[in-house]
Amino acid sequence: FPLLLFSHGLGSCGTSYSGLTLAFANAGFIVVAPDHDDCKTGVGGPIFTNPDSWNDTTYANRRDDMIKALNWATSQAWFASAVDTNSIGAMGHSLGGYTSLGLGGAWPSWRDPRIKAVLAMAPHVAPYLADREIADVRVPIMFQGATGDMLITPFLTGANGAFALATAEKYLVMLNGGS
């Protein structure tokens, strides 16, 4: 079965997205959703201001959590036998989208060659726009935003937005009226 690694948003937990992850599981995916240190607290790293100061050490603990979860899912004989290692994706919401894009190569030092696609839902992409690191992602990306979202979606769209600057196969889904 294809495997999806899911990274939650800041202050949420993997179980906060159980409706979404269950829908993917019901569609035939194995979903692994680790809880990051900031689960429920929203504490554990830099705030979202000054994205130009972020680098590959910013929230690197989230990368580590995802790699540990992926290593576990592909090394436990009773579990790994069900995983199609050629069909592994990373998906995340908000700071989880940042994490997933990093694993896809937006931070080259985070790139994991086992990740074959990224689904970034309202991702925090501002840190990847300063030096156009978003162009370093080499796997297909689906960005999701919402027409009523004035916080994250503006960084996805426009001539200098993540969608325009991404060089990999890419898709943009806009949820009309969402925020």
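Observations
- Within region 33-60, the set of residues being surrounded by fewer than 19 Cβ atoms within 10 Å (Cβ to Cβ) and either within 26 Å of residue 86 (Cα to Cα) or of a type in the set (D, E, K, R) (or both) comprises 35, 37, 40, 52, 56, 60.
- Candidate set: region 47-90, residues that are among the aromatic types (Phe, Trp, Tyr) and over 14 Å from the mean Cα position of the chain (by Cα); chosen: the one nearest to residue 112 (Cα to Cα): 72
- Candidate set: region 129-142, residues that are open to solvent by 40 Å² or more (accessible area, probe 1.4 Å) and not in a helix (DSSP H, G or I); chosen: the one nearest to residue 178 (Cα to Cα): 142
- Being open to solvent by less than 70 Å² (accessible area, probe 1.4 Å), among the aliphatic types (A, V, I, L, M) and at pLDDT 95 or above is a property that holds for residue 3.
- Those residues of region 146-163 which are exposed (fewer than 15 other Cβ atoms within 10 Å of the Cβ) and either within 20 Å of residue 127 (Cα to Cα) or of a type in the set (Gly, Ala, Ser) (or both), in sequence order: 148, 150, 151, 154, 158, 159, 160
- Looking across region 43-59, the residues that are in a helix (DSSP H, G or I) and touching a residue at least 40 places away in the same chain (Cβ under 8 Å) come down to 51, 52.
- Complete set of residues in region 108-128 that are over 23 Å from residue 87 (Cβ atoms) and open to solvent by less than 30 Å² (accessible area, probe 1.4 Å): 122, 124, 125, 126, 127, 128
- Summed over region 143-167, the residues that are closer than 18 Å to residue 105 by Cβ, out of contact with any helix residue (DSSP H, G or I) (no Cβ under 8 Å at 6 or more places or on another chain) and assigned to a loop (DSSP other than H, G, I, E, B) give a count of 0.
- Hits in region 68-94 (condition: over 26 Å from residue 154 (Cβ atoms), touching a strand residue (DSSP E or B) at 6+ places or on another chain (Cβ under 9 Å) and open to solvent by less than 50 Å² (accessible area, probe 1.4 Å)): 69, 70, 73, 74, 79, 82, 83, 87, 88
- Residue check for residue 97: open to solvent by less than 50 Å² (accessible area, probe 1.4 Å) and either among the hydrophobic types (A, V, I, L, M, F, W, C) or modelled with pLDDT of 95 or more (or both): yes
The values are calculated or read from the model by the stated rules, or taken from the named source; none is laboratory data. Just so we're clear, the structure is a prediction, and the values are computed from it rather than from any experiment. So basically every Cβ, Gly included, is an ideal-geometry build from the backbone, and we count neighbours across all protein chains shown. Note: areas computed on protein heavy atoms with side chains; ligands, DNA, RNA excluded. Shrake-Rupley method; radii C 1.70, N 1.55, O 1.52, S 1.80 Å.
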